[in-house]
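Computed from the coordinates by the stated procedures, all read-outs in this text should not be read as laboratory data. All figures in this text were calculated on a predicted structure; none of them were measured in a lab. Glycine also receives a Cβ, built like all others from the backbone with ideal geometry; neighbour counts cover every protein chain displayed.
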Amino acid sequence: MGGVTTKAIAARIEELTAEVRKLNDDYYGAGDSAIPDADYDALKDELTALVAEHPDLEPADSPLDKVNAPEQLTGPTIRHARPMLSLAKATTEEAIQTFCGRFEGQVFRVSEKLDGLSLSIVYEDGKLDYVATRGTGTLGELVTDKARHVIPELPAKIRRKGRVEVRGEALMARSTWQAYNDAHPDKPLTNPRNGAAGTLMQKDPEAAARSGRLLRFFAFGAEQADGTAIDPEALKIELVHQTLCADAGEVMAAIHAIGERRDTLDYDIDGAVVRLHEPAAFEAAGYNSAEPRGAIAFKYPPEEKLTKLLAVEWQVGKIGRIAPRARVEPVFVGGVTVENITLHNPRLIRERDLRIGDTIAVVRRGDVIPFAGRSIPEDRDGTEQVIEPPVGCPSCGTELEVRGTGEERWCPNLQCPAQITRRLMHWASRPAADMEGVGDVWIEKLAEDGVLKSRADFYKITAEQLQAYERMGEVSARNMVDSIERSKGLGLRRALIGLAIPMASDGTAKRLALAGYERLEDVAAATVDELVAIKDIGPKVAESVVAFFARPEVVQEITDLRSHGVDLDVHDEDRPVDVAAAGDSPLKGKTVVITGAFTDPRSGGKVSRPEVTRMVEQAAATATSSVSENTDYLLAGANVGASKTTKADKLGVAVIDQDQLWAWLKEAGVA
């Protein structure tokens, strides 16, 4: 780093930290991937190298040595009985040999590394108790009802007493993905992995299942509460394909065998997992902060095929980023025919010396957007054209700004027509206003016709207006208007997501809601210093938020949204858990486990377990998912299975019925 100042290094570390965290949030939270895996790996490797050389400059919010996960979970959560961790990565045979050499004499298990979502499925006394995502690794997001509908082969009952946990991967088959896209050309799923993630985020899982968004589940393993392993197939749950190996040679042979049959499978894999087969050996190997030491993931090199680069288009994104997309001669790579690829940014184009007319290697890894890996200069005949980034915006003509290490071009004009359309699509998307009945095709059409110019314009649309369009019947028009009307209750956190503030991720929106801001106008009035004081919000993000809300057109749009009755205030589920009022609550400082069904003594209505968990946390207790010697109380509602009460009795843990619990919560002032 000769000649580079400490200030410049610190700025680069901060920039990389923000970018990697946002990419983690997009990929592990929303199931989306903005850049190829290889580019993500390069960013993370650069950050790792800089932090290794300058450990004193590593920020508190560094994503290194942490489980790959979204920054914030938005739904009800549950604490995993044991963490669901990420795996260390290997890309060479030497790395696998080194791993196996650490455990000489042990038996290894090699399995397909499925490209889906990790799930924990828990049964109590033979009945399905809950299904949770990996989440942050420690806390999982509950998706039980959704899983029941969209994973048809998931058993509701098993023939086992006590607690049984099955861990594995939910994925969308390639055939299911293709059939869904054929039936829904207006709102296609980007790839099977995104399709699986989006399916488990649907508000109406029954409708998702009816539309054909069905998933498969493959188990990695299953075990009882005492750690005894169970064969998932004995529970009538499909086991991921596994091969037992005695040494590194057999392990590599198994990895190659998986790679050879990769294209014949009806589901996507992006590598192979190697782990110690015996549970005792795996546990004895131990863990570091984010990974088990007894397992490693081998990632296959990306698949690539040669083709010709025909043209480059510069597309305008929702916050003004001008992204280069190339059209290529159709080529079959990674199981699909590719006609368009991403070039990522101008720096990559320059460094890889890509030119229109070049023979290039199209790379496809893990079903992310295909990209150009390299050009073949020796095939040039002199007719190739240098790719020049635009000077003016392709949509509005505004002079572009050059930003960041990728030398990306940005349009600063918020009134740019292309940006407006992209922002409208983003506002209507599931993480924001969630207008399920409004597709991108219609948003584009309405924007072109001048019906939609701002987010507030959604709420002016009438069914009569829509019926004037060809292919828009009375029922479809009414469904769209009803969907828009329902979206008015989005609240502060989702409004912040929908505004697409540059550099602010979904996690930033969650942190702002948790920081105590009550209204969107309160966030808009915040200063940089006030925002930086919030945990995990850095100076660059804070400056971007303040600059965004300083724009007059943004202030006007907030006013317009309010005038149409759009809820821009914080919702209870997004508020911080307030333990200050707990006083000398009997639950203060206690570790508790919540089980059974709960009923509000005042109304007689059912109270969900996440609601009970939130109240217990407001009373200054810590809720966990399984009874252990560290548990103080088992909080038991109605219809409690015997396994937890038996274990509580054996460990001397007090069982508290719900009458006593409600009395304690009332004493704490939270019920």
> Based on the Cβ-Cβ distance of residue 521 and residue 178, what FRET efficiency does E = 1/(1 + (r/R0)^6) give at R0 = 51 Å, to the nearest 0.05?
Replying inline: 0.65
> Which loop-located trypsin sites (Lys or Arg not before Pro) does the range 428-494 contain, where loop means any DSSP state but H, G, I, E or B and the Cβ has at most 11 other Cβ atoms within 10 Å?
Replying inline: 471
> residue 379 versus residue 666, label points 7 Å from Cα toward the beta carbon: distance in nm?
Replying inline: 7.8 nm
> Relative to the present Cα-Cα distance, how much length would full extension add between residue 399 and residue 550 at 0.36 nm per residue of separation?
Replying inline: 52.2 nm
>> Could you list 608, 111 so that the one with the fewest beta carbons within 10 Å of its beta carbon is first and the one with the most is last?
In response: 608, 111
> Once the Cβ-Cβ distance between residue 281 and residue 599 is put in as r, and R0 is 45 Å, what FRET efficiency do you end up with, to the nearest 0.05?
Replying inline: 0.45
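Taking 0.36 nm per residue of separation and subtracting the Cα-Cα distance, what length does fully extending residue 104 through residue 649 add?
Taking residue 104 through residue 649 to full extension adds about 192.0 nm, to one decimal.
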>> Using Cα-Cα distances under 8 Å and only pairs 6 or more residues apart, what relative contact order does the range 580-668 have, in percent?
In response: 36 percent
> Normalised by the residues of the chain, what does the relative contact order come to in percent, with Cα pairs under 8 Å and at least six apart?
Replying inline: 10 percent
> Can you give the extra length, in nm with one decimal, that the chain gains between residue 540 and residue 470 once fully stretched, where that is 0.36 nm per residue apart less the Cα-Cα distance?
Replying inline: 20.6 nm
> Can you list, largest first and rounded to whole Å, the semi-axes you get for the chain by taking the square root of 5 times each eigenvalue of its Cα gyration tensor?
Replying inline: 40, 35, 26
>> Once you place label points 7 Å from the Cα toward the Cβ at residue 160 and residue 533, how far apart are they in nm?
In response: 5.0 nm
>> Using the basic label-point model (7 angstrom from Cα toward the beta carbon), what is the residue 463 to residue 260 distance in nanometres?
In response: 6.2 nm
> If the label point is 7 Å along Cα→Cβ of residue 247, which residues in the range 108-138 have backbone nitrogen under 19 Å from it?
Replying inline: 108-110
> Where in the range 243-344 are there chymotrypsin sites (Phe, Trp or Tyr not before Pro) that are in a DSSP coil and have at most 15 other Cβ atoms within 10 angstrom of their Cβ?
Replying inline: none
> Sorted from fewest to most neighbouring beta carbons within 10 Å, what does the list 313, 15 look like?
Replying inline: 313, 15
> Looking at the range 381-489, which GluC sites (Glu not before Pro) are DSSP coil and have at most 11 other C-beta atoms within 10 Å of their C-beta?
Replying inline: 470
>> Could you tell me the calculated FRET efficiency between residue 629 and residue 229, based on Cβ-Cβ distance and R0 = 25 angstrom, to the nearest 0.05?
In response: 0.65
